Every structure is written in structure tokens, then in C-alpha cells.
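S.K.: This is the structure I have questions about; it appears just below.
The values are calculated or read from the model by the stated rules, or taken from the named source; none is laboratory data. Predicted model, so just to flag it, every value in this text is computed and none were measured. In this analysis, Cβ positions are derived from the backbone assuming ideal geometry, glycine residues included, and neighbour counts consider all displayed protein chains. Note: accessible area is taken over every heavy atom of the protein model, side chains too, but ligands, DNA and RNA are not part of it. Shrake-Rupley method; radii C 1.70, N 1.55, O 1.52, S 1.80 Å.
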Amino acid sequence: MWRIAPRSAYLWRWNVTTLPLFVPSFVSALVSPFVSAPAPSPAPSLVPLLVAVIGGYLLGSIPVAVLVAGRRGVDPREEGDRNPGFWNVRERLGARAAAPVFAGDMAKGVAAGLLGLVAGGAHTTALGVVTGPSVSVAYLAVGAAMLGHAWPVFAGFRGGRSVLTFAGGMAVICPPAFVLGLAVLAVTRLATRSFALGARAGVFAIPVLQLAFSPVGHVAATGALMCLIGLRFGQAALAARRP
């Protein structure tokens, strides 16, 4: 049997809690045959797709945690759980020092989502939910930003788990679900006195909340993005269990 060290035990618990990340896409796959799909939108041209994917990846590759922590003489890739993201920097340097990482990683997702939205023609509903030809381009841009955060070209392809980048992207793709997710975070935080639990609850709630504003196919795409987060947590857990 595997022996799990203290640090890897922490990562393993996080890995177990990421199982709900796979639920939205699974549920969507079950429900979609019984839901009438909207009329297909015109496919975007190649140039907007390339702009969204390349631009999103480069935005995601900006190593915010490494830059912020590096100014204090800390490399988050070599300390703690070796994750260059908000949580590891917070553990090493405190919440105040990690605040720019929180804002920066989320801003990468917002910027990538806006890039995809504009490249796809800026089609939204009255509530600001991305629709029409902009959907696929926006999702590709956010997905590329998450890949850039996980495997950044500017930081030796050693990146984080893309949770905040995902959240920032969803703030553009489905603003109402994002806002309601923040409400879930706040309520859970008050009930449990744990920001970590609140953040998990808020992220896991986004695809469920999105069902009220977007077709089930869009929610399935959101589930696919969340599966990338689950993959990154799984990789981290496996790496921690190696001798």
C-alpha cells in the first residue's frame, strides 16, 4: 500500500474533494439527450480561434505567484506543496501578501474570457451570458488560459491548478452564475468559518447555477474545464506520493 506523507495527505484530501468537479459534465451527458438543443450558431472563423487560444495561453502563462512571492525571496514551486498559486503563497507568506496572487490569477481568466468574447463577436444575452458564435471562442480562450496557468511557458511549464483562472473566466462566460457562486462562498464561509471550504463550495456550485442561465451543452463545457482542475489535483497527489 502507498504511504502518504503529511504534505501528500493534504494534497490527497484536496484530490478527493475534486471528485465533484467531474459531476457536472457527467450529469450533462445524461440529461442532454432529453433536452432540446438550440439552433446551431455559425462556426467562428479560424483567425478568432487562433487569437483566443494563443492569447489565452499567453495570458495564463504569466506566473503571478512566482513573481509576487519571488519579491519576498520565496519560490512557491520549491516550498510547501510546491504549487505556484494563491493557497501555497498564503501558507508561506500570509493572506495579505497572497492577495495580489488571488487577484492576478483571477484576472488572467477574466482577460482571457474577454479576449474570447470579443474575438467571437461579443454576443451576449441581456444578463451578460455569452451566447451564439462567441461561446466556443470564449470557452477555448478560458481553457487555453487554464492550460497556460497549469503549464506556463514563462515559468518552465511548472504551474498551478487553475482554480482562480477558471473562476475568472466564468465571470465572463456566465456572470450571474459567478455572482451566485460568490454568494455560496460567502454563506459557506460564514457557516463554517473556513474560507477554503467556502471557495470549494462556490466553485463546485458554478455549473449547477449556470443551468438556470445557459443551455446544458454550455454547462457540459464548464464541466470539461473543471475536469482540468481535477486532473491537476490528481497529478499533484500522485507526485506527492512518490518516494
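S.K.: Each residue of the stretch 219-229 in order: what ³J(HN,Hα) in whole Hz does its phi give by Karplus 6.51 cos²θ - 1.76 cosθ + 1.60, θ = phi - 60°, with x for Gly and Pro?
M.R.: Along the stretch 219-229, the couplings run 5, 4, 5, 4, x, 5, 4, 5, 5, 5, 4 Hz.
S.K.: FRET efficiency for ALA191 and CYS227, Cβ-Cβ distance as r, R0 = 25 Å, nearest 0.05?
M.R.: Working: r = 28 Å, r/R0 = 1.11.
According to the calculation, E is roughly 0.35.
S.K.: Using modelled amide H (1.01 Å from N, peptide plane; none on Pro or chain starts), what sits under 5 Å from the amide H of THR131, excluding residues fewer than 5 places away?
M.R.: HIS123, THR124, THR125
S.K.: Let me ask another. So if each residue of separation counts as 0.36 nm, and I subtract the Cα-Cα distance between PHE157 and LEU182, what length gain in nm does that give?
M.R.: That pair, PHE157 and LEU182, stretches by 6.0 nm at full extension.
S.K.: Applying the Karplus parametrisation 6.51 cos²θ - 1.76 cosθ + 1.60 with θ = phi - 60° to the phi angles of the stretch 201-208, what ³J(HN,Hα) value in whole Hz is obtained for each residue in order, glycine and proline being reported as x?
M.R.: 4, x, 5, 5, 6, 4, x, 5
S.K.: Now for a different question. In whole percent, and with a 1.4 Å probe on the protein chains, what portion of the accessible area of the stretch 42-88 is carbon and sulfur? Mind showing how you got there, number by number?
M.R.: Working: 1620 of 2460 Å².
Ligands and nucleic acids excluded, carbon and sulfur reach 66 percent.
S.K.: For an R0 of 35 angstrom, estimate the FRET efficiency from the Cβ-Cβ distance between LEU127 and LEU46 and round to the nearest 0.05. Walk me through the numbers on the way to the answer.
M.R.: Numbers: r = 30 Å, r/R0 = 0.85.
Plugging the Cβ-Cβ distance into 1/(1 + (r/R0)^6) gives 0.75.
S.K.: Then there is this: Of all accessible surface on the stretch 204-243 at a 1.4 Å probe, what whole percent is carbon and sulfur? All intermediate terms of the calculation are to be shown ahead of the outcome.
M.R.: Values: 1150 of 1630 Å².
So the carbon and sulfur contribution to the accessible surface is 71 percent.
S.K.: Would you kindly state how much longer the chain becomes between LEU238 and ALA99 on full extension, computed as 0.36 nm times their sequence separation minus their alpha carbon distance, in nm to one decimal?
M.R.: On the way: separation 139, 0.36 × 139 = 50.04 nm, distance 2.84 nm.
Residue separation times 0.36 nm, minus the Cα-Cα distance, leaves 47.2 nm.
S.K.: Please calculate how many Å² of accessible area the stretch 44-240 carries per residue, with a 1.4 Å probe and no DNA, RNA or ligand atoms counted. Intermediate values should be presented prior to the final figure.
M.R.: Values: 8190 Å² over 197 residues.
On a per-residue basis, the stretch 44-240 sits at 42 Å².
S.K.: What translational diffusion coefficient, to the nearest whole µm²/s, does the stretch 44-240 have by Stokes-Einstein, given a Kirkwood radius computed over alpha-carbon pairs, a temperature of 4 °C and 1.567 mPa s viscosity?
M.R.: Working: Rh = 16.7 Å.
Stokes-Einstein gives a translational diffusion coefficient of 77 µm²/s.
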